[in-house]
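The values are calculated or read from the model by the stated rules, or taken from the named source; none is laboratory data. Given the structure is predicted, the values throughout are model-derived calculations rather than measurements. Every residue, glycine among them, receives a Cβ derived from its backbone with ideal geometry; neighbour counts consider all protein chains shown.
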């Protein structure tokens, strides 16, 4: 992923140098296990620990001739190891014993970074939702004013969506935090299963129960799909913030620095660029999810068609999602909310948003449903046409209400959502 959408800690995790450091760790752990089995002298492990992690530039230089990254890595690594010990490096292993086990470890760490960012986002959503739980605003369906709700209620829905995404990420982390050191075609023909157990336990990984030399790619697809689902949840938040920032709505606004400039031609512009950026990144994540599913089916025990794809989509999807979740949290934590404009929007349709309360009252009084609906609808149509208050046009229809039309009438049972939201608050604590 380009640097613009990659935060430093994620970039470091997927750098070539970091990957080779993880490969070295796997090779040392595998040799330690062989020592315990009595197949390799202790001196070999000591020499391997003293050796430096090969530089990415050196591996790339060797790869120009060998056209095989793992063999080039091993050649570069063994340049710093005495020949008597170098011969024990990678004993009984095949390339993807190294690559996939290291990848499982890296993906688990990357998922942990993403999870931490998503938890911060959930925390901010809960805090903002509780802060604005009674901030009245109009609810909209199909983009049209519907009934009163509150800004906190809206944010509560997003908090629960992120919470569900966190659960999906946790399951996906368990699925992908897996390694295999089972040799060619996964039969353990030249390597004791103890080596696999020792290495994977040391790295905090599970093991592939029936390896085929590679870790099954449905695991990686599950992770990328969970990442895309989180991205879609963030997109929903960002889309709503974009809609609420339109000039004719202006109920919220992104934070602006004193140096902010929204347009090269129009100095007055205050564009929702952060929200738009978050929506755009979600499109990338959905594309990665589809591509990850294409990688599941491999020829026979394995092929290499997935490798070139994964070099792009795995680091990119996690980098994008990590950036997106982090930026979403910053957007919400610094969001300017305008309760006065929200309240003003409630009156913009001259009381039409209370039509369902009118209908319910008429039905409660015994009016036949079709008659009640049509009476309220005729009054609503005249209000739309003339701007006359809904209560007046209702009176013209012979409808006289017992209670004043107020937004609070729609929030009688509102606190049930607050109580559910507080369960997330307690979860964070």
Any chance residue 206 is more than 30 Å from residue 279 (Cα to Cα), out of contact with any strand residue (DSSP E or B) (no Cβ under 7 Å at 6 or more places or on another chain) and either buried (at least 24 other Cβ atoms within 10 Å of the Cβ) or not assigned by TED's automatic domain parsing to the domain that holds residue 37 (or both): no
Residue that is surrounded by the most Cβ atoms within 10 Å (Cβ to Cβ), among those in the stretch 224-254 that are in contact with a strand residue (DSSP E or B) (Cβ under 7 Å, 6 or more places away or on another chain) and assigned to a loop (DSSP other than H, G, I, E, B): 251
Residue 73 buried (at least 18 other Cβ atoms within 10 Å of the Cβ) and either free of Cβ contacts under 8 Å to residues at least 60 places away in the same chain or in the same structural domain as residue 34 (by TED's automatic domain parsing) (or both): yes
Any helices (runs of 4 or more DSSP H) falling wholly within the stretch 7-111 and containing at least 2 residues that are under 27 Å from residue 322 (Cα atoms) and in contact with a helix residue (DSSP H, G or I) (Cβ under 6 Å, 6 or more places away or on another chain): 8-13, 16-36
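Per-residue answers, yes or no, for (1) in the same structural domain as residue 166 (by TED's automatic domain parsing); (2) in a helix (DSSP H, G or I); (3) within 30 Å of residue 282 (Cβ to Cβ):
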| site | (1), (2), (3) |
| --- | --- |
| 329 | yes, yes, yes |
| 357 | no, yes, no |
| 405 | no, no, no |
| 418 | no, yes, yes |
| 423 | no, yes, yes |
Restricting the stretch 210-223 to residues that are touching a strand residue (DSSP E or B) at 6+ places or on another chain (Cβ under 9 Å) and assigned to a loop (DSSP other than H, G, I, E, B), the residue that is farthest from residue 32 (Cα to Cα): 216
Conditions (1) closer than 15 Å to residue 354 by Cβ; (2) buried (at least 16 other Cβ atoms within 10 Å of the Cβ); number of the one not met by residue 417: (1)
Single residue of 16, 65, 97 found to be touching a strand residue (DSSP E or B) at 6+ places or on another chain (Cβ under 9 Å) and on the phi < 0 side of the Ramachandran plot: 97
The stretch 359-403, subset assigned to a loop (DSSP other than H, G, I, E, B) and free of Cβ contacts under 8 Å to residues at least 12 places away in the same chain, residue surrounded by the most Cβ atoms within 10 Å (Cβ to Cβ): 367
